[in-house]
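**Q** Just passing along the structure, written as structure tokens.
What follows is calculated from the coordinates using simple rules that are stated; it is not laboratory data. Small disclaimer: the values here were computed from a predicted structure and weren't measured. Backbone-built Cβ (ideal geometry, glycine too); neighbour counts: all protein chains shown.
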Amino acid sequence: MSEQTNNSEYNTVTLSLDDGTECECAIIRIFPAGENDYIALLPLEGEAAEQDEVYLYRYVENDGREPSLLNIESDEEYELVSEAFDEELDAMEYEDLYAQEDEENEEA
């Protein structure tokens, strides 16, 4: 995985997929679920991007603070992560709404 920052509002990573292809993804959020941290990635190209798929991976920082992404191995872990991600999306929507209200109040 190589991490890049481009001129868009998102940091991006390039994933090397199992089929040997690469996919550039926007980092949506890094969030905790259970005893681990996870990362949600939004593909920016290809069929997955067209279908608004989100990739979820276990997120680990090694001793050198180098991030690694690990596959989610079990259905139970995936269910836990999916629910936590849904809660994160709700929190992000609330934060956006709250920020918009602040902007409107400042303009008034």
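**Q** I want to check the label-to-label distance for residue 66 and residue 79. Put each point 7 Å from Cα in the C-beta direction and report it in nm to one decimal.
**A** Going by the 7 Å Cα→Cβ label model, 3.6 nm.
**Q** Can you give me the angle between helix 75-107 and the longest principal axis of the chain, using Cα atoms only, in degrees from 0 to 90, rounded to the nearest 10?
**A** Helix 75-107 sits at roughly 30 degrees to that axis.
**Q** Would you mind finding the longest exposed-site-free stretch of the chain, with exposed GluC sites (Glu not before Pro) meaning DSSP loop and at most 15 other Cβ atoms within 10 Å?
**A** Maximal segment without exposed cleavage sites: 74-108.
**Q** For the chain, I need the span (max minus min coordinate) of the C-alpha atoms along each principal axis, in Å, sorted largest to smallest.
**A** For the chain, the Cα spread along each principal axis is 53, 34, 32 Å.
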